[in-house]
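> Before I ask anything, here is the structure I am working with.
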Amino acid sequence: MNVDNKEIKENNDLISVIVPVYNVESYLRKCLDSIVGQTYKKLEIILVDDGSTDGSGSICDEYAKEDHRIKVIHKDNDGVSSARNIGIDNVEGKYILFVDADDIVNERYVEILYIELLKHKVDIVFCGIKSIYVKSGEETIIGVKKEFQGNINKDFIKFYRKNLFLITAGPCAKIYKANIIKSNNLKFDESYNNVEDYLFNLQYYSFIKPFYVSLEVLYYYYHYGRGSAVEIFSEKRWSDEFRALSFLKQWLEDRKVAGRYFIMTTRIVAIVRMFFEDKTNRSIGKKYYEYKELCKKVQKYIDYDYEDECKVKHYFILMTIKNKWYLPSFTYYYIKSLGKE
């Protein structure tokens with residue numbers, strides 16, 4: 001991307017980068033090197049050590065001694081949401097970006113997102129993500145083929161159709177306005193173990209209208225195969241998912257977001273798919289029983305006429321659940337999950 005540095009010279013705002021850190025000593029140096037080496041220099045880098053038991057905290061302190069822009073906060077372990085919230089509480093910059101401690105960012109991550117925000121006069125900018133699977137070496141790009149600018153209420157559905165991940169993913173690969181977050185007291189809900197970042201984004205969208213999606217792929221998300229919460233069946237996970245689903249439904253209705261039926265459909269189907277991503281060793285009979293219990297919770301959210309807006313295969317899944325024909329949809333997804341073993 002060819003960027004006019006005039007925007008930077010005329011504004012040159014302090015930008016805060018928040019990094020929650022927990023037991024990532026094997027990956028942390030690469031992450032921090034990618035941040036301190038940014039082409040945009042006027043940074044405040046807040047490292048929140050969330051009670052690490054390895055050498056992560058010492059690495060943070062080491063980098064802080066070498067770079068005056070780095071502020072390290074050590075705290076007892078209380079989860080990533082707590083760490084991010086502590087970071088927000090200590091922000092002095094005009095804009096906020098988040099980076100996870102086991103990922104890295106392009107050297108122009110901050111510069112490009114900042115300039116795009118100013119140039120397009122929007123409240124948030126999204127960039128593309130390169131998803132890297134370390135064990136297999138596979139790489140995929142999660143982004144858009146054409147830049148996109150719009151209004152959250154009117155154009156959210158267009159963006160959602162183009163790339164769901166950029167909307168539902170965590171706070172990374174985005175630049176936020178600090179005054180919107182602080183004036184509305186936006187925080188990551190620490191009562192959630194999952195989807196708290198999804199809810200944080202929805203809350204932020206409640207107070208903005210214009211947004212912009214850049215073509216640039218600037219964030220590199222590493223999958224190290226250390227396990228994921230999505231692969232572990234737990235009542236807490238499903239409780240979080242359904243609380244989030246209720247929040248989403250109310251948010252869409254309150255704002256009368258265009259295409260809200262499609263958005264609800266997609267989220268419901270995503271929850272059903274998640275169930276089959278769990279690889280816990282249990283009998284097919286037990287899994288079918290658990291699936292029926294999950295479907296009973298889903299049923300109360302299928303109260304729209306989805307036919308005109310959802311995909312055909314989604315409609316099939318929703319109708320089997322709504323009418324309590326559990327076996328067809330269970331069989332469909334169970335067979336598909338076997339192919340991913």
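> Restricting attention to the range 267-285, which residues are surrounded by fewer than 19 Cβ atoms within 10 Å (Cβ to Cβ), assigned to a helix (DSSP H, G or I) and not hydrophobic (A, V, I, L, M, F, W, C)?
273, 277, 285
Listed here are the residues, each with its yes/no results for (1) more than 18 Å from residue 35 (Cβ to Cβ); (2) not acidic (Asp, Glu).
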site	(1), (2)
85	yes, yes
90	no, yes
103	no, no
123	yes, no
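> I would also like to ask the following. Determine which member of the set 288, 261, 304, 332 is of a type outside the set (S, T, N, Q), modelled with pLDDT under 80 and in a helix (DSSP H, G or I).
Only one candidate qualifies: 261.
> With the checklist (1) within 19 Å of residue 175 (Cα to Cα); (2) at pLDDT 95 or above; (3) more than 20 Å from the chain's Cα centre (by Cα) in hand, flag the one item residue 7 doesn't pass.
Only one criterion is unmet by residue 7, namely (2).
> Within the range 234-257, track down each residue that is surrounded by fewer than 18 Cβ atoms within 10 Å (Cβ to Cβ) and out of contact with any Leu (no Cβ under 9 Å at 6 or more places or on another chain).
Correct list: 234, 235, 236, 239, 242, 246, 250, 253, 254, 255, 256.
> When only residues in the range 81-109 that are out of contact with any Lys or Arg (no Cβ under 9 Å at 6 or more places or on another chain) and of a type in the set (Val, Ile, Thr) count, which is farthest from residue 216 (Cα to Cα)?
Only one residue fits best here, namely 99.
> Anything in the range 120-152 that is touching a helix residue (DSSP H, G or I) at 6+ places or on another chain (Cβ under 8 Å), assigned to a strand (DSSP E or B) and among the hydrophobic types (A, V, I, L, M, F, W, C)? List them, or say none.
124, 125, 126, 127, 129, 142, 148
> Output the number of residues of the range 183-221 satisfying the condition of being assigned to a loop (DSSP other than H, G, I, E, B), over 16 Å from residue 88 (Cβ atoms), open to solvent by 50 Å² or more (accessible area, probe 1.4 Å) and not charged (D, E, K, R).
Total meeting the criteria: 2.
> Residue pairs, Cβ under 8 Å, 6 or more apart or interchain, first in the range 265-281 and among the aliphatic types (A, V, I, L, M), second surrounded by fewer than 19 Cβ atoms within 10 Å (Cβ to Cβ) and in a loop (DSSP other than H, G, I, E, B). List them.
Short answer, once both residue conditions are applied: 268/302.
> Give all pairs with beta carbons closer than 8 Å in which a residue from the range 298-319 that is open to solvent by 40 Å² or more (accessible area, probe 1.4 Å) meets a residue that is modelled with pLDDT under 65; count only pairs at least 6 apart in sequence or on separate chains.
Pairs that qualify, where the first residue is open to solvent by 40 Å² or more (accessible area, probe 1.4 Å) and the partner is modelled with pLDDT under 65, are 315/306; 315/307.
> Next up: Can you name the residue in the range 35-50 that is touching a strand residue (DSSP E or B) at 6+ places or on another chain (Cβ under 9 Å) and open to solvent by 20 Å² or more (accessible area, probe 1.4 Å) and, of all such residues, is nearest to residue 98 (Cα to Cα)?
Checked the range 35-50; the qualifying residue nearest to residue 98 (Cα to Cα) is 36.
> Using the structure shown, decide if residue 249 is of a type in the set (Lys, Arg), touching an Asp or Glu at 6+ places or on another chain (Cβ under 6 Å) and either modelled with pLDDT of 80 or more or not in a helix (DSSP H, G or I) (or both).
Here the answer is no, as residue 249 does not meet what is asked.
> Could you grab me the full set of residues in the range 67-126 that are more than 30 Å from residue 139 (Cβ to Cβ) and small (Gly, Ala, Ser)?
Those that are more than 30 Å from residue 139 (Cβ to Cβ) and small (Gly, Ala, Ser): 82, 93.
> Name every residue in the range 59-99 that is of a type in the set (Asp, Glu) and open to solvent by 30 Å² or more (accessible area, probe 1.4 Å), in order of residue number.
Within the range 59-99, 61, 62, 66, 76, 78, 89, 92 qualify.
> Moving on to the next point. With a cut-off of at least 3 residues that are more than 20 Å from residue 196 (Cα to Cα) and touching a Leu at 6+ places or on another chain (Cβ under 7 Å), name the helices (runs of 4 or more DSSP H) lying wholly within the range 1-115.
Helices (runs of 4 or more DSSP H) meeting the threshold: 56-66.
The values are calculated or read from the model by the stated rules, or taken from the named source; none is laboratory data. This structure is a prediction, so every number in the text was calculated from the model and none was measured. We place every Cβ from the backbone using ideal geometry, glycine too, and count neighbours over all the protein chains shown. For the accessible areas, the whole protein counts, side chains as well, though only heavy atoms, and no ligand, DNA or RNA atoms are used. Shrake-Rupley method; radii C 1.70, N 1.55, O 1.52, S 1.80 Å.
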